[in-house]
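Structure, as structure tokens:
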Amino acid sequence: MMDIERHEFDVVVIGAGGAGLRAAIEARQQGKKTAIVCKSLFGKAHTVMAEGGAAAAMGNVNPADNWQVHFRDTMRGGKFLNNWRMAELHAKEAPDRVWELEAWGALFDRTKDGKISQRNFGGHEYPRLAHVGDRTGLEMIRTLQQRVVALQQEDYAVHGDYEAYIKVFAECTVTRLLKDDAGAIAGTFGYRRETGRLMLIEAPAVVLATGGIGKSYVVTSNSWEYTGDGHALALLAGARLINMEFIQFHPTGMVWPPSVRGILVTESVRGDGGVLRNSEGKRFMFDYIPEVFKDKYATTEEEADRWYTDQAGNRRPPELLPRDEVARAINSEVKAGRGSPQGGVFLDVSSRLPAEEIRRRLPSMHHQFKELADVDITAEPMQVGPTCHYVMGGVEVDADTAAASVPGLFAAGEVSGGMHGSNRLGGNSLSDLLVFGRRAGAGAAAYIDGLERRPAVPDDAVAEAQAEVLAPLERPGENPYEVHHELQRTMNELVGIIRRAGEMAEALEAVEKLRERAKGVGAAGSRIYNPGWHLCLDLRNMLLVSECVARAALARQESRGGHTRDDYPDMTADWRRRLLVCTAAPDGTSVNVQEQVQPSMRADLITLFERGELSKYLTDEEMAEYDLAVK
Ligand code: FAD
């Protein structure tokens, strides 16, 4: 075996976004030696890009807000497919996690009376997003990193070594989770991106915090790291993914110029008063309010506009419907020939707020459009359209401990599944990272405390992982960029925002062929910073998760949240009870999808909803349970 760099830790956290950093902080606070591994530079996680804010029912702007309202909004947004225990924990704990961030130095925008300010976002009944202009994720990462440094300074004072309890391995990619002979997690295998040096970290617990899968699509708001690594690592280690059919297409990505197509236009533009219009100048969202939301959204422009100054006396503007609804509406307008010149619709804030106010509230958006599209959003509308943004599906975890089904494996943040059901509300990811990042770190620490002995990494597992990583360098092979582009086109066109059985079957055939081609991709050159080689390795992950998305989407014969079937346009109560679980063969050659029954909601939670509303989502059998609960 060639020279492999070796380390030993208690916990390996893969990912240095909000979820990974919060998990690492918790594991270290509970006395565990913790490694943070990230394939990007430290500080350049996807979380940095988050703009709008973190949702937490602090009630600072509207005192009527509380965890019960947040829980209800989250369940409605997810169309009741959410893991209700996760939604409950999230709603209850998010305020504490935001206040904790403030105690660690986060500088949130303030209300006039000095509290953390909160802004409106789609699907949230009250202003709920704690924010820092439109750069909230940046402040979150800055604060969490500052906390890591503070802990390292404490460790230096005690042990004379800054890295005694937290060590960061930046620009390192993990390619395999390693298990001992009994099937428990024993470590991770990967390589340093800069030098190509191989790296083994032995550890009894691993927290996956690798984010999403958006790079399987052409038009996406996601950056280069989102190749579904954590999803694939979990699958290959024997864990289960749930809800993979649900992909959030954010309604407002840039559509022009082509080089920036997909880059996000934050929902704060609409939260702060921006409106959507078609080529005829019509505010079309009034035509797209679905039955289940009819009583909650304004039906006239006058009422919608009044809501911005009087939320108690008016209903919300339909531009603030959950993202899946708005994305579908934009898609329909464009298809009906009422789109903007570059194939989107118009998002106008210029006629709604003074220029100075726009520059103050939306500085990044102002800069982004000026620099990238030569559009001044204080003077003219933006052109926007749907973009692949977030994956609701992910590793199936225990809500309280974030433990996956493989002993020693934990997952938090976008790589985990269940919390957001079929559709995530804006702002609920940043708070999810903090709530479940902390729980994953604590879960990993408790797991280690319960172990009788440290699991050992078998030599043959290391040899196999090494051979897999080096293979693309040892063959001339096809260019991996060709295969990647074809996969992206396939997913965008055949498993995109509107889906049909025939097209998804076609996508599965295409993925199968691409998988064969991927076996032969190769990279010229050495192991020293070689992006072609890196992509060869990432392809395995993208193909695997794309197959999960396509298979689960083909199996779910209804439309719900981030899964819209042209051939099954209705949402059905029977399908709400069925979760689709993906597993894979250890060599990743096949994906299997099985149904699993969604557990019934606890009685005290179910009674937070009106019977009439529940009857739109639940089966008769579940309604009978509800009737028992209220008696
Ligand atoms: P990330 O922050 O993406 O971190 C993933 C980490 O894993 C990175 O460090 C990466 O390098 C590492 N990694 C991945 N694979 C590997 C591997 N194989 N080996 C080693 N390391 C690996 N949500 C909100 O709630 N509010 C918002 O306002 C908001 N705005 C958004 C704006 C944009 C433009 C985008 C794209 C998303 C936005 N979201 C928002 C969603 C939210 O930002 C993400 O869901 C969230 O940041 C994901 O955090 P995470 O910790 O799970 O992963």
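Any read-out appearing in this document is the output of simple, stated calculations on the displayed coordinates, not a laboratory observation. These numbers were taken from a predicted model, which means no experiment stands behind them. A quick note on method: Cβ atoms are made from the backbone with ideal geometry, for glycine too, and the neighbour counts reach across all protein chains shown.
For a 32 Å ceiling on Cα separation, which of these pairs sit above it: LYS215/LYS370; LYS115/LYS616; LYS215/LYS616?
Long pairs (Cα-Cα over 32 Å): LYS115/LYS616; LYS215/LYS616.
Take the alpha carbon atoms of region 277-407, find their radius of gyration, then divide it by 2.2 N^0.38 Å using N residues; give the quotient. Don't skip to the end; give the middle numbers.
Details: Rg = 18.3 Å, N = 131, 2.2 N^0.38 = 14.0 Å.
So region 277-407 has a normalised radius of gyration of 1.31.
What does the extension gain come out to for THR299 and TYR156, with contour length at 0.36 nm per residue minus their alpha carbon separation?
That pair, THR299 and TYR156, stretches by 45.4 nm at full extension.
May I ask you to compute the full-extension gain from SER332 to ASP620, defined as 0.36 nm times their residue separation minus their alpha-carbon distance, rounded to one decimal in nm?
Value of the extension gain: 100.4 nm.
Are there GluC sites (Glu not before Pro) in region 420-500 that DSSP puts in a loop and that have at most 15 other Cβ atoms within 10 Å, and which ones?
For GluC sites (Glu not before Pro) across region 420-500 that sit outside H, G, I, E and B with at most 15 neighbouring Cβ atoms in 10 Å, the list reads GLU452.
What cysteines in the chain have no other cysteine with a beta carbon less than 4.7 Å from their beta carbon?
CYS38, CYS172, CYS388, CYS536
Residues in region 59-77, backbone N under 13 Å from the label point at ALA603 (7 Å along the Cα-to-beta-carbon vector): list them, ranges by number please.
Inside the label zone: nothing.
If you scale each eigenvalue of the Cα gyration tensor by 5 and take the root, what three semi-axes come out for the chain, rounded to whole angstrom and sorted largest first?
Listed largest to smallest, the semi-axes of the chain are 37, 27, 26 Å.
How would VAL469, VAL435 line up from fewest to most surrounding beta-carbon atoms within 10 angstrom?
Least crowded to most crowded, the residues run VAL469, VAL435.
Please give the length that would be gained between LYS519 and LEU107 if that part of the chain were fully extended, namely 0.36 nm times their separation in residues minus their C-alpha to C-alpha distance (nm, one decimal).
In short, 143.5 nm is gained.
Considering amide H positions built from the backbone, and no H for Pro or chain starts, which residues 5 or more places from SER416, or on another chain, come under 5 Å of its amide H?
VAL395
Return the distance in nm (one decimal) between the two label points of a simple spin-label model at TRP99 and LEU41, each offset 7 Å from Cα along Cα→Cβ.
My value for the distance between the label points is 3.6 nm.
Please list, ordered by chain and number, the residues whose modelled amide H lies under 5 Å from the amide H of ARG475; skip anything fewer than 5 residues away on the same chain.
Placed amide hydrogens put ALA523 under 5 Å from ARG475.
Listed highest first by mean packing, meaning other Cβ atoms within 10 Å per residue, what order do 392-398, 568-574 come in?
Packing order, densest peptide first, comes out as 392-398, 568-574.
Okay, helix-only estimate at 222 nm for the chain: each DSSP H run of n ≥ 4 adds -39500 (n - 2.57), divide by all residues, round to 500 deg cm²/dmol; what do you get? Please list the in-between numbers first.
Details: 19 runs with 232 residues, N = 631.
Roughly -11500 deg cm²/dmol at 222 nm, from the helical runs in the chain.
Using a simple spin-label model with points 7 Å from Cα along the Cα→Cβ vector, what separation in nm is obtained for SER405 and ARG500?
3.4
Give me, ordered by chain and number, the residues 5 or more places off TYR390 or on other chains with an amide H under 5 Å from its own placed amide H.
Amide H neighbours of TYR390: GLN248, HIS250.
If the only charges are +1 at each Lys and Arg Cβ and -1 at each Asp and Glu Cβ, what is the size of the charge dipole of the chain around the Cα centre, to the nearest 20 debye?
For this selection, approximately 580 debye.
Under 17 Å from the Cα of LYS32, which lysines turn up, not counting those fewer than eight places away in the same chain?
LYS167
Calculated FRET efficiency, TYR481 and ASP627, Cβ-Cβ r, R0 51 Å, to nearest 0.05?
0.30
Taking only complete DSSP H runs, can you tell me which helices of the chain stretch 20 Å or more along their own long axis by Cα positions and average at least 0.5 on the Kyte-Doolittle scale? Can you show the working numbers first?
Numbers: long enough: 84-103 (29 Å, -0.81); 136-159 (34 Å, -0.24); 428-449 (31 Å, 0.38); 480-494 (21 Å, -1.22); 501-518 (25 Å, -0.45); 531-555 (35 Å, 0.76).
Length and hydropathy pass: 531-555.
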